[in-house]
Amino acid sequence: MFAGQAIEFISEDMAHCGDARFRAARWQPDGDIRSQIPAIDSCRTPAHLKNWLLVFARSLGFYGARYIHLGTLLWTLEQAEMPLRFLTTSDRHEDEDRDWLLRDPSVERVRSAFAPFIWSTRFTEGLTDMQRLWFERERARGVAAGVAVPVQDSADGPAYLSLFGDDEEVVTGLIDRHAPELAFAAAQFHALAKTQLKVADWAPDLSEREIECLRLAALGKTGRESGKTLGLSNRTVEYHLRKASEKLGAATKTRAVVLAFGIGLAQG
């Protein structure tokens, strides 16, 4: 864990575009990034994660940031417009996750990227109407550029941190000099976020029994073996697996296991 600065609870409104106090304290590309990144090991709740994310963004010269977990979208819900998990530092846009996968042009690149990359609201070539409109709104609130920091999670699907600010030169310098540290911080954040942030409402709601049966099936247990472990009959285990498969839209038990783990519903 980074032994960085202590976290002070603040609001993104304190760092709104044009705030002179914010501009005067902004980090420079040649600065020591490790001393600027706040320690994350004390985060125990979604509120702590949100505050860490804001302090992290502010300490590096950004207005704010968002965390987006794309998840492993392998079945009929792959057209879902919301990410699996989402957290924003903004208090004014609690519904930002709506249509996010359709609005943010960074999404497709994140799916296969391993290194942080720059995004700019000036670049509109090849964008959809929805993406172009989102960039226009970002520019209206003073956002010129940002950095997306991908995390490739082989078990639960990719995620990324998206930091936004007003200075493309600062963003470029940050990536050129400190991409590994950014990637490490994002990976730490994602690992905690998976345990503290609930999955999106569109994800199937599996019962505890269904999850238990899926976990044992993932270990190669037969219905009879799973029943012995759980104190259930083979028929009851098969019933729970069938219900789980229906909820996940899976044609087979094996497929249901893959999907449940892919969206983080059978972890633990």
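The values are calculated or read from the model by the stated rules, or taken from the named source; none is laboratory data. Just so you know, these numbers come straight off a predicted model, no measurement behind them. As a convention, Cβ positions derive from the backbone with ideal geometry for all residues, glycine included, and neighbour counts pool all protein chains shown. Surface areas here come from the heavy atoms of the whole protein model, side chains and all, with no ligands, DNA or RNA. Shrake-Rupley method; radii C 1.70, N 1.55, O 1.52, S 1.80 Å.
Averaged per residue, what accessible area in Å² does the range 181-268 show with a 1.4 Å probe, protein chains only?
It amounts to 52 Å² per residue over the range 181-268.
Work out, step by step, the length gained on full extension between Glu168 and Ala187: first 0.36 nm times the residue separation, then minus their alpha carbon distance; give nm to one decimal.
4.5 nm
Hey, what do the phi angles of the range 135-149 turn into as Karplus ³J(HN,Hα) couplings, whole Hz, using 6.51/-1.76/1.60 and θ = phi - 60°, x for Gly and Pro?
4, 4, 5, 5, 4, 5, 9, x, 8, 9, 7, x, 10, 9, 10
Please tell me which of these pairs span more than 32 angstrom C-alpha to C-alpha: Lys198/Lys221; Lys221/Lys247; Lys194/Lys243; Lys50/Lys221?
Lys50/Lys221
If each residue of separation counts as 0.36 nm, what is the full-extension length gain between Asp201 and Arg177 once their alpha-carbon separation is subtracted?
Between Asp201 and Arg177, full extension yields 4.8 nm more.
Take each of the peptides 51-60, 81-90, average the number of other beta-carbon atoms within 10 Å over its residues, and list them starting from the highest.
Listed from highest to lowest mean packing, they are 51-60, 81-90.
Suppose each label sits 7 Å from its Cα in the direction of the beta carbon; what would the Arg132-Thr45 distance come out to in nanometres?
4.4
Under 15 Å from the Cβ of Ala113, count the other residues' Cβ atoms, weight Lys and Arg +1, Asp and Glu -1, and hand me the total.
-1
Expressed as a whole percentage, what fraction of the accessible surface of the range 61-188 belongs to carbon and sulfur atoms when a 1.4 Å probe is rolled over the protein heavy atoms?
C and S atoms contribute 50 percent here.
Given 10 °C and 1.306 mPa s, compute D for the range 146-251 with the Stokes-Einstein relation, Rh being the Kirkwood radius over Cα pairs; round to the nearest whole µm²/s.
93
Using Cα pairs under 8 angstrom and six or more residues apart, how large is the relative contact order of the range 117-184, in percent?
With pairs under 8 Å counted, the relative contact order is 32 percent.
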